[in-house]
Amino acid sequence: MRIVIVGGVAGGMSCAARARRLDETAEIVVLERGAHVSFANCGLPYFVGGEIPDERSLLVQTPASLRAALDLDVRTCSEVTALDTAAKTVSVHTEEGAYELSYDALVLSPGASALRPPLPGLNSPRVRTLRTVEDAVALRDEVHAGARRAVVLGAGFIGIEAAEALARQGLEVSVVELAPHPLPPLEAELAWLITQQLGELGIEVRTGIAAASVEHAADADTVVLADGTRLAADIVVLSVGVRPDTAPFEAAGIACERGAIVVDAHGHTSAPGVWAVGDATVSVDSVTGIRRPVALAGPANRAGRLVADDILRPDEARAVPRPIGTAIVRVGELTAALTGANRAALDAAGIDYRTLHLHPNQHAGYFPGAAQVHLVVQIRTADGLLLGAQAAGTEGVDKRIDVLATAIRAGLRVDDLIDLDLAYSPPYGQAKDPINLTGMVGENVLTGTLRLWYPEELDAARENALILDVRTRSEYATGAVPGSLNIPHTELRERLGEVHDAAAGRPVRVMCQSGVRSAIAHRVVAQAGFDSASLSGGMLTLRAWLGERQAEVLEQPGVLADA
């Protein structure tokens, strides 16, 4: 049996290695267009930034090592230009010439290529992408040759990593992003933390604006933005997205949606004997049901293994799971991570949900080094099913997102998180881990014990309700919502008369610094007969949601004397 795999790296090489382990007699041929069939593409920005010093460290396997270990016939610099599904052959172009190769089973893992929008000047030699080892080496060579200024077009995961890498090498870096904030999949209140961190790294962030053109000159290029701003650049990194690299297969009649290959639950394409995996395939989101490519290494690796199972052990093969899109990125001292659906995706899918904001410490507060993990969790309104989660912080982010990703995969409800038995020791966590706390808050919301209001409701709350701020007087003095009433939560029970008079029949919207004290105060006020709700995530979330608008929305009451 001859298995031909088009494309290496994550999906293709995972499929090839698994196929060999299942069948020692199969002929397995891997056709890779580039010079490297197995490399750490997620490590490319860290090579550019100098944290990975040797490019050889990026090469996970070579054709020689794969031949020795797995008896794979790996052919690099071999581009598949055509497919004949009736004859079961592929056309292969190499530097030495072209040939046809027959197959019994064909696996397509062509990946995706950098999206190049119709922008004047993108053909400049200073415009680079960061998708291959060659890309990374070229960028690092330009840095070592004396480049001083860089403009990164696109503030997605790769764009942000590239910007930080170049800043680490001492370049002046500007990031341009059309979306309202960097890392567009992040919720705005977490993305603000990323914006601040980029500023601390010395990276200029320009959001909500597009590049209009790139002007090439002898000494440097100029990136011209839509508002006329001109940014000088010795390097321009293009990172505005990717597109599935499927043209020859779509031309051969393989069913595609918006350029991505349509596959069933076992990776079958529309053609008999042809499977597909990775960035070039259509995935069905496990939470929203939205169909789209998912350009992540983890799902591609796992899909490649399962497709090999389906080829060689079809009766035992498990289905390829629907991805939930778990991803993580380091930005300076911060880590940001996400899993499942964000609010925009849930809105687009018409799913009714509630949002929880929490700011717990990553380990016991009394142990030195405690730092907050900022959590945003989406739950289904009807039953509390976990739909998505995001987090940002200096420590403990990866652990919590991985647990939440597992919970989403397992179909847990938010109140199930209360019962998770997680590792605890003061240097590592809390007796009530942030995951457990998420479950407790979620259960309170589901049962009506806690009613939430949100930053986007601020204007309506100021107009139609009394905003009761239960922080201390010194906290209140650092910034407050104009017109709010400040009564520390420890004094609230004795001062409910003031709340009654100030509310004058209006609802009461309670807030504190992180949402903990306001939840306590909400119970006091609600049981006293008021229409009450607690601000989700408190002032920490409100400030992050306001972002640059903080100064114009919040007032500084000044230090108040103790009453």
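The values are calculated or read from the model by the stated rules, or taken from the named source; none is laboratory data. Computed from a prediction, not measured in an experiment: that's the story for all the values here. Methodologically, a virtual Cβ is constructed for each residue, glycine included, from the backbone with ideal geometry; neighbour enumeration extends over all protein chains shown.
Brief remarks on what is shown
- Residue in the range 442-455 that is buried (at least 20 other Cβ atoms within 10 Å of the Cβ), assigned to a loop (DSSP other than H, G, I, E, B) and hydrophobic (A, V, I, L, M, F, W, C) present: yes
Residue-wise test of (1) among the small types (Gly, Ala, Ser); (2) touching an Asp or Glu at 6+ places or on another chain (Cβ under 9 Å); (3) in contact (Cβ under 8 Å) with a residue 40 or more places away in the chain.
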position	(1), (2), (3)
Arg75	no, yes, yes
Val80	no, no, yes
Val133	no, yes, yes
Val151	no, yes, yes
Gly156	yes, yes, yes
Leu171	no, yes, yes
Val175	no, yes, no
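- Among the candidates Leu139, Leu106, residue that is crowded, with 22+ Cβ neighbours inside 10 Å, touching a Lys or Arg at 6+ places or on another chain (Cβ under 9 Å) and within 29 Å of Thr269 (Cβ to Cβ): Leu106
- Leu83 in the same structural domain as Trp275 (by TED's automatic domain parsing), among the hydrophobic types (A, V, I, L, M, F, W, C), out of contact with any helix residue (DSSP H, G or I) (no Cβ under 6 Å at 6 or more places or on another chain) and surrounded by 14 or more Cβ atoms within 10 Å (Cβ to Cβ): no
- Within the range 197-253, tally of residues that are of a type in the set (Ser, Thr, Tyr) and over 24 Å from the mean Cα position of the chain (by Cα): 4
- Long-range neighbours under 8 Å by Cβ, at least six apart or interchain, first residue in a loop (DSSP other than H, G, I, E, B) within the range 208-222, second basic (Lys, Arg): His216/Arg126; Ala220/Arg126; Ala220/Arg149
- Considered as a group, the residues in the range 253-272 that are surrounded by fewer than 17 Cβ atoms within 10 Å (Cβ to Cβ) and aliphatic (A, V, I, L, M) include one that is nearest to Leu153 (Cα to Cα), and that residue is Val262.
- For the range 223-238, the set of residues classified as farther than 20 Å from Thr129 by Cα and not in a strand (DSSP E or B) consists of Ala226, Asp227, Gly228, Thr229, listed by residue number.
- Top-ranked residue of the range 216-250 - restricted to ones that are surrounded by fewer than 15 Cβ atoms within 10 Å (Cβ to Cβ) and acidic (Asp, Glu), ranked as modelled with the highest pLDDT: Asp227
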